[in-house]
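Some notes on the structure that comes next.
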Amino acid sequence: MDKITKVLTLLSGGLDSTLAVKIMIDQGVDVEAVNFTTPFCLCDKCSVDRVEIMFGINVHRVYLGQEYLDLIANPPHGYGSHMNPCIDCRILMLKKAKEIAKKIGATSIVTGEVLNQRPFSQKKSMMDTIEKEVDLEGKILRPLSAKLLPITDQEKNGLLDREKLYSIQGRRRIQQIELAKSWGITDYPCPSGGCLLTDPQFSRKLRDFLDYNKKLTFKEIELLKIGRHFRIDGKKLIVGRNKNENQKLLSTANQENKPYLEVTNYMSPITLLEKNTTKNVTEKAASITARYSDAPKNAKVKVQYVGSIVKTLEVNTTDDLTSLYRI
Ligand code: SF4
């Protein structure tokens with residue numbers, strides 16, 4: 001059988017894409033990989049390094065920046081169950097992979113996708129849509145599910161051996177875990193939790209942000225990742241949860257000339273406010289700040305407002321507005 005010279009595998013470093021690399025190596029082809037990261041990645045970068053070293057393959061690393069943020073704000077194919085625009089995300093990654101494949105002379109793109117593993121993007125109909133949009137129909141090989149999918153051009157042409165591909169589908173990973181075991185692959189990250197966009201709490205904060213703002217920036221994402229978020233009368237406030245977050249909020253307040261609140265007579269979080277916050281919002285924000293301070297219940301608490309002026313408000317910790325305004 002003739003051999004294709006090179007394939008490019010999308011590698012997240014998770015179990016499925018690691019297995020896809022191994023399956024392609026076992027086909028006797030030359031394998032390179034591309035690893036995409038985004039500002040929402042919670043991925044363990046070491047796992048990609050491990051695969052690179054374990055199989056001695058070349059890994060291209062691509063960071064998806066502002067272009068990706070713009071896509072998140074307005075994905076043509078919509079979101080999954082949270083703020084994950086998986087279809088458009090896959091389309092963007094495959095478009096970039098296609099360019100790299102062309103550059104390195106790879107004749108096919110390989111992914112670790114498993115049929116029906118994810119309800120939104122890994123259904124057969126969605127895989128078809130994605131292939132069509134990137135103009136790669138019949139050219140994307142998914143070795144873990146290949147036998148359940150239409151034959152690809154490479155298999156048709158005898159460049160890949162369909163018999164050495166798999167027919168895995170669904171969310172359970174029993175077969176993948178068994179394969180990994182049989183190949184001595186033991187060190188791989190947990191399959192869930194690689195993308196913040198699938199996190200319900202983060203998604204709520206991001207949805208709220210996009211409801212009030214058109215443009216998503218890196219700075220805003222860093223703020224979305226920290227603190228407790230509230231919205232009162234259209235104004236956003238962020239309350240720090242620990243020393244590190246308080247420092248970040250304080251430095252944002254200083255850099256962007258934004259006002260903040262802090263309890264002065266007890267240990268306190270920093271609460272970052274928006275500019276031009278009304279008296280009503282500031283008072284409610286002060287009450288929320290006091291609620292997260294070390295002040296005991298029913299205490300009178302002094303909260304300092306630091307903005308274009310500095311003033312002190314007095315609030316009572318009995319008022320609990322947190323659940324009313326929490327995003
Ligand atoms: S889970 Fe996140 S990284 Fe993965 S395809 Fe969906 S949006 Fe993209």
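The values are calculated or read from the model by the stated rules, or taken from the named source; none is laboratory data. Bear in mind that the values here come from a model prediction, so they are computed numbers and not experimental data. As a convention, Cβ positions derive from the backbone with ideal geometry for all residues, glycine included, and neighbour counts pool all protein chains shown. Just the protein is used for accessible areas: all its heavy atoms, side chains included, with ligands, DNA and RNA removed. Shrake-Rupley method; radii C 1.70, N 1.55, O 1.52, S 1.80 Å.
Yes/no per residue for (1) outside any helix (DSSP H, G or I); (2) over 23 Å from K214 (Cα atoms); (3) more than 13 Å from the ligand (Cβ to nearest atom):
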{"residue": "T9", "(1), (2), (3)": "yes, yes, yes"}
{"residue": "S17", "(1), (2), (3)": "no, yes, no"}
{"residue": "V21", "(1), (2), (3)": "no, yes, yes"}
{"residue": "I25", "(1), (2), (3)": "no, yes, yes"}
{"residue": "V48", "(1), (2), (3)": "no, yes, yes"}
{"residue": "I53", "(1), (2), (3)": "no, yes, yes"}
{"residue": "R61", "(1), (2), (3)": "yes, yes, yes"}
{"residue": "Y68", "(1), (2), (3)": "no, no, no"}
{"residue": "H77", "(1), (2), (3)": "yes, no, no"}
Yes or no: the stretch 133-154 includes at least one residue that is in a helix (DSSP H, G or I), under 23 Å from the mean Cα position of the chain (by Cα) and not polar (S, T, N, Q).
yes
Subset of the stretch 104-125 that is within 11 Å of the ligand (Cβ to nearest atom) and of a type outside the set (F, W, Y) - its residue that is nearest to V31 (Cα to Cα)
T111
Give the number of residues within the stretch 279-327 that are open to solvent by 70 Å² or more (accessible area, probe 1.4 Å) and closer than 22 Å to E256 by Cβ.
5
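Yes/no matrix, rows are residues, columns are (1) open to solvent by less than 30 Å² (accessible area, probe 1.4 Å); (2) at pLDDT below 95:
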| site | (1), (2) |
| --- | --- |
| M24 | yes, no |
| N35 | yes, no |
| D44 | no, yes |
| R50 | no, yes |
| F55 | no, no |
| N58 | no, no |
| S81 | no, yes |
| C86 | yes, yes |
| C89 | yes, no |
From A97, A101, which residue is within 16 Å of the ligand (Cβ to nearest atom), surrounded by 15 or more Cβ atoms within 10 Å (Cβ to Cβ), in a helix (DSSP H, G or I) and not basic (K, R)?
A97
